[in-house]
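The structure appears below as structure tokens.
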Amino acid sequence: MQFATFAEFLEMGGYGRFVWPAYGLSIAVLGGLLITSVVRHRHLQKWLERSDRRRRRSRSPS
Amino acid sequence: MVQIPVWFHRLASPAHFYHIAGQALPWCAGPALLLFGVGTFGGLLLAPADYQQGDSFRIIYVHVPAAALSMGAYVFMALAAGIGLVWRIKLAFMAARSAAPVGAAFTFLALATGSLWGKPMWGTWWEWDARLTSELILLFLYLGFLGLQEAIDERDTAYRASAVVALVGLVNIPIIHYSVEWWYTLHQGATIFKLDKPSIAPEMLWPLLIMLGAYALVFATIVLVRTRNEILEARMASVAPALTRHRPDRNRG
């Protein structure tokens, strides 16, 4: 471990205000892209399931 | 024309790929998360501070992987688009389109983290030098590719036109890589991607290599999800054309 205390770790030898935004931004952008892609996937799946059901119903009136 | 092997033909079928990609996804996402965690831990806590740059050098662990993958993603995108053009494989176009936003994100991150590193080390957020400018052009190439896809209604035309842009833009990739050798620049030379041994201490190197693996797997994960989305969108377009971004193909009517 390179840092004796948690406060030192946050301070990053005086470069904390550059290091932390770099890591935060990276995680936010990549995480955001992953999450929006997965959410879109769920949305598309649900839509196609619904439309399949609709078409089956309209084809075989009971 | 070169003969395409049978396995390639099967993989190029969107339905088959959708299934395979679904099975491959956990094997990309899991290791991606694991490597990201280990690499971040190693980079922030275990690697020693640089003797010149102090702890600011820890930005390297998010900067270099983003920069490397910004170029790697572009090559992937251009090759996929090229394969789509030559062999008329729709899945290849879909993969190219899926890679573009991820590549653009990597490029943005390379520029932003580089800026955050440049301010304390060079004393400036931005400098119009060869490395930084050519990386900014890469971002515009990605945005141009995506913009063209959105601007053209007919899907196959959009795929082909943007593929040409992607291929022409390939010329920028060696320019970015060699910019630090060809021109006078603030940016330091290569430490890893060169023919010699890497010029970085092993304790600093291993988290960087792990982060490179993590970023590559993050790229694979997001591209797999997005390519599957493209396949579903194509199905949606054939069911309800009015609801989708692109008009369905002419031959499908």
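Taken together, the values in this text are just the output of simple stated rules run on the coordinates, not laboratory data. Everything numeric in this text was worked out from a predicted model, so none of it was measured. Ideal geometry is used to build each Cβ from the backbone, glycine not excepted, and the neighbour counts take in all protein chains shown.
Miscellaneous remarks
- Average beta carbon contacts from partner chains per residue of B:99-110, 10 Å cutoff: 2
- Working from label points 7 Å from Cα in the Cα-to-Cβ sense, the A:R54 to B:L186 distance is 5.5 nm.
- Springs join every pair of Cα atoms under 10 Å in this Gaussian network model of chain B, and among B:L79, B:L116, B:L141 the largest mean-square fluctuation is at B:L116.
- Between segment A:15-62 and segment B:181-216, the alpha-carbon centres lie 34 Å apart.
- Potential extension, B:L11-B:W87 segment - 0.36 nm per residue separation minus Cα distance: 26.0 nm
- Spin-label pair A:W20/B:L143, simplified geometry with 7 Å Cα→Cβ offset, distance in nm: 3.0
- Near B:R58: Cβ cut-off under 14 Å, other residues only, Lys/Arg at +1 and Asp/Glu at -1. The net charge is -4.
- Neighbouring partner chain Cβ atoms per residue of B:49-59, average, 10 Å criterion: 5
- Label-point separation in nm, A:I35 to B:A201, each point 7 Å along Cα→Cβ: 3.7
- For peptide B:65-73, the mean count of partner chain Cβ atoms within 10 Å of a residue's Cβ comes to 1.
- Residue-span extension gain [B:E127 to B:E154] - 0.36 nm each, minus C-alpha spacing: 5.7 nm
- In chain B, the calculated helix contribution to ellipticity at 222 nm averages -25000 deg cm²/dmol per residue, counting -39,500 (n - 2.57) for every DSSP H run with n ≥ 4.
- Build a GNM of chain B with springs between Cα atoms under 10 Å apart, and of B:L34, B:L136, B:L85 the one that fluctuates most is B:L34.
- Counting Lys and Arg as +1 and Asp and Glu as -1 over every other residue whose Cβ lies under 12 Å from the Cβ of A:Q45, the net charge comes to +3.
- The residues neighbouring B:L136, those whose beta-carbon lies less than 15 Å from its own, together hold a net charge of -2 under the Lys/Arg +1, Asp/Glu -1 convention.
- Degrees between helix A:16-59 axis and first principal axis of chain A (Cα, 0 to 90, nearest 10): 10
- Nearest-ten-degree value, helix B:14-41 long axis tilted from longest Cα axis of chain B: 10
- Between the Cα long axis of helix B:202-239 and the first principal axis of chain B there is an angle of about 20°, rounded to the nearest 10.
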